[in-house]
Amino acid sequence: MTATLAQIWRHPIKAHGFEALERSAIRAGETMPWDRVWAVRHDASKAEGGAWARCANFSRGAKAPHLMAIKAALDTDTETLTLSHPELIDLSFRPDDPADVDRFIDWIGPLMPKDRAASTDIVRVTEQGMTDTPFPSVSIGNLATLRVLEQQAGQPLDVRRFRINLWVEGLAPFEEFEWLGKELRVGGVAFKVEDRLTRCTSTMANPETGRRDADPLAVMDEHWGHHDFGMALIAKDEGEVALGDKVAPA
């Protein structure tokens, strides 16, 4: 079976919404355009300016599972973002507009646990997307590996739990781990497979409801002995990826 690109996702604000795409530009040495270009600081954050910082400096699904049910739609021409959540009225705003940010902070208030650091503002990342890797990365996942995890968990696990950019169909389970250190081609774009991705408790939350209803980490512990799921890629080329593109080692 030929491996193909089956799904493309971006997340304009880190941990605050997912958006499905049919295609995306790719730029060498950068994260996927408009993926985690903004992040939400909290009142215990030590992140400064637009530099990359570790995820603990930002509001995220690992600590606030209701955030995992936010859907996003970004108008890149006006940089206007529309967020929706099953428990809230839709919000359209511009993340770089201070007045709009105040509306956003009020909007997410009901989704934030009272015993966690409160969200304070939005920062725009100037050098790379605020992914979980300290280098500009595009993430990729294997749907066959996900199906093994679902079988072991005894329940379906939505891909959106994992916040991965590119999902591939047609591989053997765990084949993606064999790519480490090699080059991979998605359509006409070459990537270096740089690292395995370690998952966190954000995967416990159902992206339809924002409620925790599964424990993928416990399943991984029991059957795999680690929490690695998905791979971090470094783009080597300029180009575009699209649904249906062939995926194969370069």
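Give a quick list of GluC sites (Glu not before Pro) in the range 173-234 that DSSP marks as loop, anything other than H, G, I, E or B, with at most 16 other Cβ atoms within 10 Å.
Sites meeting the loop and neighbour criteria: Glu208.
If one computes P(r) from the Cα atoms of the chain, what percent of pairs lie at distances over 35 Å?
Distances greater than 35 Å cover 11 percent of the Cα pairs.
Compute the separation of the alpha-carbon centres of the range 233-250 and the range 1-67 and state it in Å as a whole number.
After rounding, the separation between the Cα centres reads 19 Å.
Could you give the length gained on full extension between Phe174 and Arg147, defined as 0.36 nm per residue of separation minus the Cα-Cα distance, in nm?
8.7 nm
At 1.4 Å probe size, with every protein chain present, just tell me what the per residue accessible area of the range 191-230 comes to in Å².
Roughly 46 Å² per residue, with all protein chains present.
Please report, in debye to the nearest 20, how large the charge dipole of the chain is about its Cα centre when each Lys and Arg carries +1 at its beta carbon and each Asp and Glu carries -1 there.
400 debye
Could you work out, for the range 101-248, what percent of all Cα-Cα pairs fall into each 10 Å distance bin, beginning at 0 Å and stopping at the bin that holds the largest distance?
Using 10 Å bins, I get a P(r) of 10, 34, 32, 20, 4 for the range 101-248.
In terms of the ratio Rg/(2.2 N^0.38 Å) built on C-alpha atoms, what value belongs to the range 1-97?
Cα Rg divided by the expected 2.2 N^0.38 Å: 1.17.
May I ask you to give the percent of accessible area on the chain that is carbon plus sulfur, with a probe radius of 1.4 Å?
Carbon plus sulfur share of accessible area: 48 percent.
Could you work out the helix-only [θ] at 222 nm for the chain, with each DSSP H run of four or more residues adding -39,500 (n - 2.57) and the total divided by the number of residues, to the nearest 500 deg cm²/dmol?
It comes out at -3500 deg cm²/dmol, rounded to the nearest 500.
Treat the range 132-209 as a sphere of radius equal to its Kirkwood radius over Cα pairs and apply Stokes-Einstein at 25 °C in a medium of 0.890 mPa s; give the translational diffusion coefficient in µm²/s, rounded to a whole number.
Result for D is 179 µm²/s.
In debye, nearest 20: dipole of the range 7-76 around its Cα centre with unit charges on the Cβ of K, R (+) and D, E (-)?
240 debye
Applying 1/(1 + (r/R0)^6) with R0 = 45 Å to the Cβ-Cβ distance of Thr80 and Glu222, what FRET efficiency is obtained, to the nearest 0.05?
So the FRET efficiency works out to roughly 0.50.
Leaving out ligands and nucleic acids, and using a 1.4 Å probe, what accessible area per residue does the range 22-110 come to in Å²?
I get 47 Å² per residue for the range 22-110.
Evaluate the distance, in nm, between pseudo-label points positioned 7 Å from the Cα of Arg94 and of Thr209 along their respective Cα→Cβ axes.
Each label point is offset 7 Å from its Cα along the Cβ direction, giving 3.9 nm.
Could you pull the Rg and Dmax for the range 91-157, using just the Cα atoms, both in Å?
Gyration radius and largest Cα-Cα distance of the range 91-157: 17.7, 47 Å.
Is there a pair in Lys46/Lys246; Lys46/Lys182; Lys63/Lys182; Lys71/Lys182; Lys71/Lys246; Lys14/Lys236 whose C-alpha atoms are over 32 Å apart, and which pairs would that be?
Beyond 32 Å between Cα atoms: Lys46/Lys246; Lys46/Lys182; Lys63/Lys182; Lys71/Lys182.
The values are calculated or read from the model by the stated rules, or taken from the named source; none is laboratory data. Just so it is clear, the structure is predicted and the values come from calculations on it, not from any experiment. Note that we place each Cβ from the backbone using ideal geometry, even for glycine, and neighbour counts take in every protein chain shown. Note: areas computed on protein heavy atoms with side chains; ligands, DNA, RNA excluded. Shrake-Rupley method; radii C 1.70, N 1.55, O 1.52, S 1.80 Å.
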